[in-house]
Amino acid sequence: MYDPLVHPFPDHHQPDPDSYWLKVGNEVPADDGPLAGDLSVDVAIIGGGYTGLSAALALARDHGIKATVLEARSSAWGCSGRNGSFARISGGRVPWSSLVKTYGPDTARAYFHELRQGLDTVRDLIATGGIACDKQPDGVYKVATFGTHANALRREEKLYNDILGYPARYVDAGGLHGVHEGPESHGALYLPDGFSLNPLELARGLHRMARSHGARIHINSPVTGWMREGNTHRLVTPTGIVRAKRVIVATNGYTSSRLHTRLAARVLPVHSQIIVTAPMSHAQVEASLPSGKCMFDTRELLFYYRRLPDNRMLFGGRSAISGNDAAAPRHRQYLYSAMTRKFPALAGIAVEHWWGGWVAVTRNSLPFCYQVPGMGEVFTAGGYAGSGVSFSIHLGTKIALMAAGRPFETGAAFLTREPERYPFASFIRLGQWMAYRWLHAKDAREARRAG
């Protein structure tokens, strides 16, 4: 498996994931094939996921710049086409209470406004682009895994209401009947905005829209070399060369440490995995997730899950550390055990799909969108920490704005700062392993307290 800390790029020999989204997907959109020969462009975009496709669309539609996208494999081959499918008011992994404490209420409100705009951006693109991505009704539940977590959700409800001005609502355990069943249903925070969809079809819709406005999308065209020639960037692929005045880097969790030294160690690629079951019986649906809303829990290493339209269970979480280890069966079993612990009625159900992908986590666990210092007109965005379906598309429009010569003005100033490097990059996976052990221990301690 491709590992951003090990391999220079995901080449064409890398297999496609065993993804449910690929199974139910529609026609693959037309592209411009691998790059052939030399090309000079105004803007080159490295990466054909949500951020890169959104930037290509915005540049062409809003700024009259027809960008060239260089994608190592195929559009949305990374996490844009293999994620858990939740479009929410989210980005990064910092609790709102911590963010308010660190940056203050005004900055927190400004950030929340950006995140909310991100969800509105996705709604608008689905509507105006006629993207058939199986969008589901709104509604998100953050479910208390243990009874001791309920009070924290009540405090979070108050923060949403009083500081962010958002109508989050606490639902007690009794109110979850008919929504979320099972022994890990101790109350929930209900967020009225946010929906699930088919993430691969969303990306394919962006792809079609970008090309319809004049963007070029070259698949199987990984950037294998990057040099400066005065004010021009020379991007080398296996079959061609692009000379660009401006470059957008939109590789997020798939950013190889070898792409450019200035970008190395700014994000930690974290592997997230998903299982999808065989269709559930009516009795199993009623005993697990009668609702089809977006769900995630309150564990330190949380799980996210939903009932799919064909009554399968999608269940995801984090376990593997390296790409070399990601295919080990114990990671599949880890998700299955967590799912059946949460929903005992699913014990024995078959798993028909199991896949994973790399999400990007910064040192401060917050996203970024900035002009890279010391590299001329190079811009990058990412760091969504597995919560970027909507915000990655939003920041794609902002990074396009910057590449078109206009500023990204936001009250959440931390978004436009270069992320700090992870120290001791050679030992970063050891640190991640230790962090996982600690978080698992905290979850186990909570489980023991709960009896």
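Which one is modelled with the lowest pLDDT among residues in the stretch 8-42 that are polar (S, T, N, Q) and within 23 Å of residue 210 (Cα to Cα)?
26
Inspect all residues belonging to the stretch 320-328 and state whether any of them is within 19 Å of residue 435 (Cα to Cα) and β-branched (Val, Ile, Thr).
yes
Taking the conditions exactly as written (on the phi > 0 side of the Ramachandran plot, touching a residue at least 12 places away in the same chain (Cβ under 8 Å) and in contact with a helix residue (DSSP H, G or I) (Cβ under 9 Å, 6 or more places away or on another chain)), does residue 52 satisfy them or not?
No, not satisfied.
For the stretch 261-276, give me each residue that is surrounded by 21 or more Cβ atoms within 10 Å (Cβ to Cβ) and outside any strand (DSSP E or B).
Within the stretch 261-276, 263, 266, 267 qualify.
Among strands (runs of 3 or more DSSP E) lying entirely in the stretch 188-253, which contain 1 or more residues that are in contact with a strand residue (DSSP E or B) (Cβ under 6 Å, 6 or more places away or on another chain) and surrounded by 22 or more Cβ atoms within 10 Å (Cβ to Cβ)?
So the answer is 188-191, 194-196, 216-218, 232-237, 240-249.
Would the stretch 92-109 turn up any residue that is within 30 Å of residue 309 (Cβ to Cβ) and under 17 Å from the mean Cα position of the chain (by Cα)?
Yes, because at least one residue in the stretch 92-109 is within 30 Å of residue 309 (Cβ to Cβ) and under 17 Å from the mean Cα position of the chain (by Cα).
Which condition does residue 436 not pass, out of (1) crowded, with 17+ Cβ neighbours inside 10 Å; (2) more than 20 Å from residue 256 (Cα to Cα); (3) modelled with pLDDT of 95 or more, if it passes all the others?
(3)
Could you say which residue among 323, 348, 376 is in the same structural domain as residue 98 (by TED's automatic domain parsing) and either closer than 30 Å to residue 228 by Cβ or assigned to a loop (DSSP other than H, G, I, E, B) (or both)?
376
Look through the stretch 321-338, keep the residues that are of a type in the set (A, V, I, L, M) and surrounded by fewer than 21 Cβ atoms within 10 Å (Cβ to Cβ), and return whichever of them is farthest from residue 278 (Cα to Cα).
Among residues in the stretch 321-338 that are of a type in the set (A, V, I, L, M) and surrounded by fewer than 21 Cβ atoms within 10 Å (Cβ to Cβ), the one farthest from residue 278 (Cα to Cα) is 321.
The values are calculated or read from the model by the stated rules, or taken from the named source; none is laboratory data. Predicted model, so just to flag it, every value in this text is computed and none were measured. Ideal geometry is used to build each Cβ from the backbone, glycine not excepted, and the neighbour counts take in all protein chains shown.
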